[in-house]
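The values are calculated or read from the model by the stated rules, or taken from the named source; none is laboratory data. These figures come from a predicted structure and were not determined experimentally. Please note: Cβ atoms are built from the backbone with ideal geometry, for glycine as well, and neighbour counts cover all protein chains shown. These accessible areas exclude ligands, DNA and RNA; they are computed on the full protein's heavy atoms, side chains included. Shrake-Rupley method; radii C 1.70, N 1.55, O 1.52, S 1.80 Å.
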Amino acid sequence: MQKRQLGFPQFAWGVLAYNLAVILWGAYVRATGSGAGCGNRWPLCNGAVLLRTPQAQTIIEFTHRLTSALAVVLVSSLLVWCWRNTSKGDWARYSSLLALLLLFNEALLGALLVLFELVGQDRSHSRVLFLCMHFGNTLLLLAALVLTAQWLSKGCRRFSVIKNRAEIVAVAFGLLATMSIGITGSVAALGDTLFPATSLRASLIQDFSSGNILLRLRFLHPVAAAIGAMYVVWLIQKSLGNRGHSSSQVVTLAGVLIGQIGLGILNVILLAPVWLQIVHLLVAELFWVLVVLASANLLFATVDCNSDARMVVDSKAIPSRALRSDFVVKS
């Protein structure tokens with residue numbers, strides 16, 4: 001029997017929305033070069049708990065740390081709530097636990113960026129590596145949170161993996177391809193921040209003439225976007241034939257895909273202003289959330305959670321003598 005509590009799924013969706021906002025603010029920290037606003041101290045800001053005569057960059061970075069700390073509290077609360085109000089075997093329990101572990105890893109990677117001074121105007125290979133790990137972990141965190149919210153919203157929270165191996169492999173590689181869009185996009189955005197161009201022509205010249213890895217890797221983003229878009233088109237096609245998938249969700253995914261491509265082109269033409277980078281990232285987050293939901297609907301089949309309950313009810317409705325006689329006959 002599934003346990004239900006009013007407001008539980010809504011809280012899970014709210015935690016997801018809050019973490020989306022924290023990620024956007026983190027992008028603003030990077031875009032404004034405020035990552036070094038608290039020096040190389042963590043979790044304290046410049047060695048102090050309270051800010052003294054702070055500068056704008058210090059306020060931006062300190063705010064990000066405060067909102068991240070609140071995210072830990074919210075995800076921890078979600079985990080406790082899940083384990084107290086769901087039944088044994090419900091998948092939401094394990095996805096919420098995974099979300100908290102990924103959030104702790106997110107904090108660790110963020111701390112290492114600060115402690116190793118891979119922030120501000122740093123252009124090293126180490127920063128690129130940590131940035132890729134950081135954003136990859138961010139996408140996995142969002143996936144765990146959205147699956148938790150989705151599964152809590154369903155009457156049945158137990159599933160089985162489909163037996164079609166070809167589709168399983170396609171979904172796995174497709175999700176990796178979609179993740180690569182975000183990871184290469186974060187690298188491209190850092191390159192836009194550290195190497196601002198005065199014109200589109202100058203930006204293209206930078207990509208092919210500069211020896212810095214951030215500019216050399218920018219071309220990977222459109223390549224990854226093209227590969228990931230092919231998976232999403234395939235996913236949309238498969239979802240349209242899946243009765244368990246909402247048609248409105250499929251239409252939304254298609255619209256977000258088209259919008260994200262348009263924003264990417266506009267971002268290149270306008271030379272990546274900060275406000276457009278934030279909007280581009282917001283749509284990218286929503287795009288990832290929709291892709292995860294569509295992939296999960298295709299990959300996982302709902303188990304009949306009420307079958308045991310119906311058996312109990314049916315057995316109670318049959319007189320005990322009838323049960324005994326039936327047992328004797330079958331024996």
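Within the range 195-212, identify whether any single residue is modelled with pLDDT of 80 or more and in contact with a Lys or Arg (Cβ under 9 Å, 6 or more places away or on another chain), and answer yes or no. Scanning the range 195-212, I find at least one residue that is modelled with pLDDT of 80 or more and in contact with a Lys or Arg (Cβ under 9 Å, 6 or more places away or on another chain), so the answer is yes. When you go through A166, A170 one by one, which is the residue that is over 25 Å from A27 (Cα atoms), without any contact (Cβ under 8 Å) to a residue 12 or more places away in the chain and out of contact with any His (no Cβ under 7 Å at 6 or more places or on another chain)? Matching residue, one of A166, A170: A166. The single condition among (1) in contact (Cβ under 8 Å) with a residue 40 or more places away in the chain; (2) exposed (fewer than 15 other Cβ atoms within 10 Å of the Cβ) that Q55 does not meet is (1).
Any idea how many residues of the range 142-161 are surrounded by 20 or more Cβ atoms within 10 Å (Cβ to Cβ) and either hydroxyl-bearing (S, T, Y) or within 30 Å of N212 (Cα to Cα) (or both)?
1
A single entry from L282, L271, L299, L290 fulfils the requirement of being of a type outside the set (G, A, S), open to solvent by 20 Å² or more (accessible area, probe 1.4 Å) and over 22 Å from the mean Cα position of the chain (by Cα): L271.
Whether any residue in the range 129-139 is part of a loop (DSSP other than H, G, I, E, B) and either at pLDDT below 90 or open to solvent by 20 Å² or more (accessible area, probe 1.4 Å) (or both) is what I want to check. I'd like the intermediate steps shown before the answer.
Within the range 129-139, the subset part of a loop (DSSP other than H, G, I, E, B) is none.
Scanning the range 129-139 turns up no residue that is part of a loop (DSSP other than H, G, I, E, B) and either at pLDDT below 90 or open to solvent by 20 Å² or more (accessible area, probe 1.4 Å) (or both).
For the range 99-128, the tally of residues that are open to solvent by 40 Å² or more (accessible area, probe 1.4 Å) and not in a loop (DSSP other than H, G, I, E, B) stands at 8. Can you spot a residue in the range 42-50 that is surrounded by 15 or more Cβ atoms within 10 Å (Cβ to Cβ), in contact with a helix residue (DSSP H, G or I) (Cβ under 9 Å, 6 or more places away or on another chain), part of a loop (DSSP other than H, G, I, E, B) and modelled with pLDDT under 85? Within the range 42-50, one or more residues are surrounded by 15 or more Cβ atoms within 10 Å (Cβ to Cβ), in contact with a helix residue (DSSP H, G or I) (Cβ under 9 Å, 6 or more places away or on another chain), part of a loop (DSSP other than H, G, I, E, B) and modelled with pLDDT under 85. Mind listing just one residue for me: the one in the range 279-311 that is of a type in the set (A, V, I, L, M) and more than 22 Å from A225 (Cα to Cα) and, of those, modelled with the lowest pLDDT? Restricting to residues being of a type in the set (A, V, I, L, M) and more than 22 Å from A225 (Cα to Cα), the top hit is M311. When the criteria are applied in full, A166 meets the requirement of being at negative phi and open to solvent by 20 Å² or more (accessible area, probe 1.4 Å). For the range 78-98, a residue qualifies if it is in a helix (DSSP H, G or I) and in contact (Cβ under 8 Å) with a residue 24 or more places away in the chain, and the qualifying residues are L78, W81, C82, N85, W91, A92, S95, S96, L98.
The residues listed here are L78, L70; of these, the one that is modelled with pLDDT of 85 or more and more than 28 Å from T302 (Cβ to Cβ) is L70.
Can you name every residue in the range 89-134 that is basic (K, R) and under 18 Å from the mean Cα position of the chain (by Cα)?
Listed by number, the list holds a single entry, R93.
For the range 205-219, a residue qualifies if it is free of Cβ contacts under 8 Å to residues at least 40 places away in the same chain, assigned to a helix (DSSP H, G or I) and surrounded by 14 or more Cβ atoms within 10 Å (Cβ to Cβ), and the qualifying residues are Q206, D207, L215, R216.
Taking each residue of the range 3-19 that is closer than 14 Å to T86 by Cα and at pLDDT below 90 and looking for partners that are polar (S, T, N, Q) and outside any helix (DSSP H, G or I) with beta-carbon atoms closer than 7 Å, six or more apart or interchain, yields K3/T86; K3/S87.
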